[in-house]
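Down below is the structure, laid out as structure tokens.
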Amino acid sequence: MQKVLNIYIYILLGGAVFFISQIALGQTATSNCVVTKVGNPGGEPQLPPGCQSNIDGLITPPNLQEHPVMKGYFRIPDSEDDSYRLITSGDCLYGSPELISVIYTVAKKWKEQYPQGYLFVNDLNGPDPPHKSHKWGRGVDLVATTNGVDRVADITENFGPYNRIATVELGKMFASTDKILNIWYNDAPVRKAVLEFANDPKNPNRSAGMNMEWIRGHDNHFHVDIKLEPLLSTWAPSC
Amino acid sequence: MKILLLRYRLFFIIGIPFLFFVLFTLLILLPLNNTQSPPVPAPTPSTSITPNTTGFSQEDVREGNEESVEERPGLLSKEALPDNNFKYTYRSHVENRPHIIIAEDEYTIVFQRMVTNPRFPVKITDYTDIDGPPKWIFKGSVFYGPDAQTYVYPELGLAFIADPRSEEVFEQHLFDRTTVEDYVRRFGEDIPANPEP
């Protein structure tokens, strides 16, 4: 009888250990980048290190205007909070709503991170030449600044001191929209850091499988392509 | 207690462990949080991260510079080449070693040499951790000396010159994907006359 009792107690203890470990592991696996608000702290709590670049969901700007002729193409609106500045014009301001939402969301996040900073948004769709891949509503060229002085995503330093750390951060922000097909930019450490972020299963939104490729001429801006299926009709407007 | 255990021994020996078994099975099969995102498949383990295909053709990725190469700041010289291309040199952060662009026209770059800015160092592992080891390494460099090596990834359109001891990368070369022979013939002027691949 004592033997049976011992076996029973072992089973109970084993079960308890298993049960507790299931709960503990489950909590850890789902709470890496989650912050629980207690009461009403006012403002968003800080995310743990490594989660700073994550973006939860895309924001679509209000009142998107569709192009009168090119169906499916919408104009990126002027920024209402200086989170981005448009340095192109005319028909080159048009892209897919998904692309515009990605730009808009990252710009908002960037502004939140750097109140003095903003993105410079160049051509969405554009003429060929010089562009060869800005014609399906999914691509955009851009650079950024954190303070109006430095240059992000521009290693040439022709227009200001290069900020490599912020460039990595910008790449991760785009990746964390979970919509990125590829970013073309020619600074190897930036490429490595962003691809490692995108390939790390710990990051919930990371554009898994995204690419960063060596493309000549892409040392002074990011070229960003989003995943877009189906592509919009081919259109290479002049601006 | 002893009587109780004896009376219900079958339940204690078989029933309770069975209940635990059912409970554990449910815990494993049912997600703890129903609102959890679907699991994202982990990348295939590899010594290097293989970039996905972008869905672009080689012609598509020959993306021209958005500004004319002639309008790029820091232009030092422009030279017509025998193959009808033009060679442009630009000021870099290293004395006597300008950036170079060879272009078919002012928007179509066929080769770009980017000299590393010493303020923003680049390491060999910044490439090899992603792309794996290069298939081709040429010892010696006309400009950087006998200790430097040229690492060539012709299938990626990438090469760089670096010091294998310090891991420091001096410059990178970007070009159309090609063969190593073609790279050496067209853009390998820094590789000594009798290279040792």
Against the conditions (1) under 22 Å from A:VAL194 (Cβ atoms); (2) of a type outside the set (A, V, I, L, M); (3) modelled with pLDDT under 95, where does B:ASN194 fall short? Just the number, please. (1)
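Yes/no per residue for (1) more than 12 Å from chain B (Cβ to nearest Cβ); (2) aliphatic (A, V, I, L, M); (3) more than 11 Å from the chain's Cα centre (by Cα):
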| site | (1), (2), (3) |
| --- | --- |
| A:VAL152 | yes, yes, yes |
| A:ARG164 | no, no, yes |
| A:LYS172 | yes, no, no |
| A:ASP178 | no, no, no |
| A:TYR185 | no, no, yes |
| A:ALA198 | no, yes, no |
For the stretch B:111-133, enumerate the residues that are over 25 Å from A:THR167 (Cβ atoms) and either touching a residue at least 24 places away in the same chain (Cβ under 8 Å) or surrounded by 21 or more Cβ atoms within 10 Å (Cβ to Cβ) (or both). none
What number of residues within the stretch A:132-168 satisfy the criterion of being surrounded by fewer than 23 Cβ atoms within 10 Å (Cβ to Cβ) and within 26 Å of A:TYR94 (Cα to Cα)? 6
1 or more residues polar (S, T, N, Q): qualifying strands (runs of 3 or more DSSP E) within the stretch A:155-226: A:180-184, A:211-213
If I ask for residues that are free of Cβ contacts under 8 Å to residues at least 40 places away in the same chain and in contact with a strand residue (DSSP E or B) (Cβ under 7 Å, 6 or more places away or on another chain), which ones from the stretch A:213-239 would you list? A:GLU213, A:TRP214, A:ILE215, A:ARG216, A:GLY217, A:HIS218
Could you list all residues from the stretch B:99-157 that are within 11 Å of another protein chain (Cβ to nearest Cβ), assigned to a strand (DSSP E or B) and of a type in the set (Asp, Glu)? B:GLU104, B:ASP105
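The values are calculated or read from the model by the stated rules, or taken from the named source; none is laboratory data. Since the structure is predicted, the reported quantities are computational estimates derived from the model, not experimental observations. Methodologically, a virtual Cβ is constructed for each residue, glycine included, from the backbone with ideal geometry; neighbour enumeration extends over all protein chains shown.
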